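Values quoted throughout were computed directly from the atomic coordinates according to the rules given, and no laboratory measurement underlies them. The model shown is predicted, which means the values in this text are computed figures rather than measured ones. Cβ sites come from the backbone with ideal geometry, for glycine too, and all protein chains shown count toward neighbours.
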């Protein structure tokens, strides 16, 4: 049987990994598939730049500066898009689908913003878009939601989908360092970009949650409908208090199905029980806890970034495309989804602030919350010299998110606080 | 499009769950697949026994006492075997495959003993055997190995595949009870059979490891080539010492690829680091830690038994069969595999025994091991009244398994021990 011809756009970290794996596993994959896989064409910005690290894996002649030579070549059955960017990849994918090619991509941003159109074109053309590598790199979370849990109504997802944030939070916790120091460590280790905004703001995790939510909500969820808060304001003090309270702080992507059938979708730092299995996911690793009505609770854990871990999933998708396995779950025309606004979500909260140690200050703060219907589960106030500022930590019972937000706003205006309060939501 | 017709053999715990899920998710599955799924015939031992619990999900007329009415009905495209047993299911599966049907099964014992023949017939007939539910129930470990990690050389698997043993060990640890008490608790909770031998002996885990090993070794591994040891001799004292040493005891199914390309496959109780993520898998849950050369370390966790968790995977397999997704990895003609015999595996060991507290006894024991090339990493001997028997715990450095086994045998003959030693292998 003739080789399966694919074309690639991009040949950076992920692309090089794909070429190396396809080379290394060539015989094994050929034996499994009954045919070889040939990388027929690779479009890159500068085709003349020497790429010695991949010349052992692919003929130097396959490089081109012209994406049309990949997309318009009808002998190429599959477009593998590993270039990055947001809008240009949309154009390439749409055009490739229209020309009868399947698409494999690791590009979460493009799918989060242009997914509706891309999946629609794929449906019209009877082609498939495979995107396992776009969420949590090596972890086959897309496959698990599309296939393994297809018999389930997913009712809950709690996921650590951003390795940069998880690495920073782990360093803050284990080394007792500030956010800024941990961020620099992450940058030195290659776990954070020079401009880390996309990661630390929670946006990247929100893109990924939007992609997962397509599958288990059977609905298109615009990224801007997902409440998103980053980790930039978490401090060393919060880490210490979290440990004291038997919690650990993680940036979580959360999806919960309400009894009324609406979805609560959000991304924010959360305190979770220190002895929960999700809390054991440390360093740069990713994981997803998923609960299905039949399967019960599941957890899947692994590398959420890196050349080979990402390429591992890209190649798994290439194999699916060669075999002709068509994803169905998450690819069908989408229903409309009902969302629970963050304002109505009822959670416990950790609140830390600094107050002047004057008589009655704690009483005034607790009665401030009490009058707004927020009851306090516990208070910690370390002893301090009289008249010196002291940190105060409150844990609330469950209260609607907006009530807590508004109460904190008002409390700031009262003038009792020496520092704006930090609030971290608690997930049980 | 006409409904997809399947026939089922067996309608016990798993079968009822399958019928309920197919009913509950009927509309969702039909929307995804573009056609309905019809349970056209169910063969059971006693078709006349009332089955009110499933009459809401399926027409009572589909029940038959004659398996031939499932297997020989050419309008039925798929056999779902959830009856249990070992030899009879082999005959049903082979006959169904020869008649052009695909097969979905939850039956690990039949596949462990007759898998070679069944997969061979499937290949000859161009049909597929789907068996996700046969290992770790709800956890899509087969799919992960067949698809998600297809680009990888798997180099290591450490898995908790028997929920009965994991529940018993958890109870012993958390409640401080003896093996016998924990076993009875497991039986009362429905986590252990009246005759628990298959589970507590490690045999069931070995069957499952044999099935997984087919996929990642690309080889047929006879169950009797897998070294297997059960949990029956683990005591409350071992649990306490394990905690003291910062370990936890788990029944592990282990596969390791040696640098020479041979596979070390075994099932036995093992001490693992208490703070490792695998050690957090408690109660009746299952999990598999898998390391691939590209993906790196992965963990997947979930329910390893139960009606709905198992049925969740059976229905996922039914969906695959309806879609026509053909597994390739693990289904190809098998290569021969080179195994590392347990005798040559080099591990650290925990050794507990009871000695008479006479002067020089510890010295004689350590020199006994020293003379055989086993060096001792640590010794614990709680203080006892002079002349009274005292427990002694040794942790060895790495030593070949056979050397340790023989040394323990010889030590027993020396007459220093008041109780045969307990030895638990340590996995780092």
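Sorted ascending by nearby beta carbons within 10 Å, beginning with the fewest, B:416, A:22, A:32, B:209 become B:416, A:32, A:22, B:209. Under the simplified labelling scheme, the residue B:409-residue B:368 pair shows an inter-label distance of 1.5 nm, with each label point 7 Å from Cα along Cα→Cβ.
In terms of overall dimensions, the C-alpha atoms belonging to chain A reach 83, 46, 33 Å along their principal axes, ordered largest to smallest.
Packing-based ranking of B:257-270, A:370-383 yields B:257-270, A:370-383, ordered from highest to lowest mean Cβ neighbour count within 10 Å.
Residue by residue along B:137-148, Cβ atoms of other protein chains within 10 Å of the local Cβ number 6 on average. Counted over the protein assembly as shown, the DSSP beta bridges are approximately 70% antiparallel. Entry note, the range B:141-304: relative contact order of 34 percent, from Cα contacts under 8 Å with a spacing of 6+ residues.
The angle between the Cα long axis of helix A:361-371 and the longest principal axis of the Cα atoms of chain A comes to about 70 degrees, rounded to the nearest 10. Here the range B:250-281 and the range B:302-347 have alpha carbon centers that stand 18 Å from each other. Relative to the longest principal axis of the Cα atoms of chain B, helix B:87-98 runs at roughly 40 degrees. Arranged from fewest to most other beta-carbon atoms within 10 Å of their beta carbon, A:139, B:365 become B:365, A:139.
Defining a contact as two alpha carbons under 8 Å apart and six or more residues distant in sequence, what relative contact order in percent does the range B:4-130 show?
26 percent.
Counting helices only, and only those DSSP H runs with n ≥ 4, report the 222 nm mean residue ellipticity of chain A as the sum of -39,500 (n - 2.57) divided by its residues, in deg cm²/dmol to the nearest 500.
Computed mean residue ellipticity for chain A: -10500 deg cm²/dmol.
Peptide B:299-306 has a mean of 6 when you count, residue by residue, the C-beta atoms of other protein chains within 10 Å of its C-beta.
Inter-copy label distances at residue A:324, using a point 7 Å along Cα-to-Cβ, come to 0.6 nm with the shortest given first. Give the separation of the Cα centroids, the range A:119-172 to the range B:32-88, in Å. Cα centroid to Cα centroid, the span is 35 Å. Our summary gives chain B a relative contact order of 16 percent, counting only alpha carbon pairs under 8 angstrom and 6 or more residues apart.
Counting other Cβ atoms within 10 Å as a rough exposure proxy, the listed residues B:91, B:317, B:325 run B:91, B:325, B:317 from fewest neighbours to most. As I understand it, the value is the acute angle between the Cα axis of helix A:108-125 and the longest principal axis of the Cα atoms of chain A; what does it come to in degrees, rounded to 10? Rounded to the nearest ten degrees, it is 40. Note on A:323-334: average number of Cβ atoms from other chains within 10 Å of each residue's Cβ is 4.
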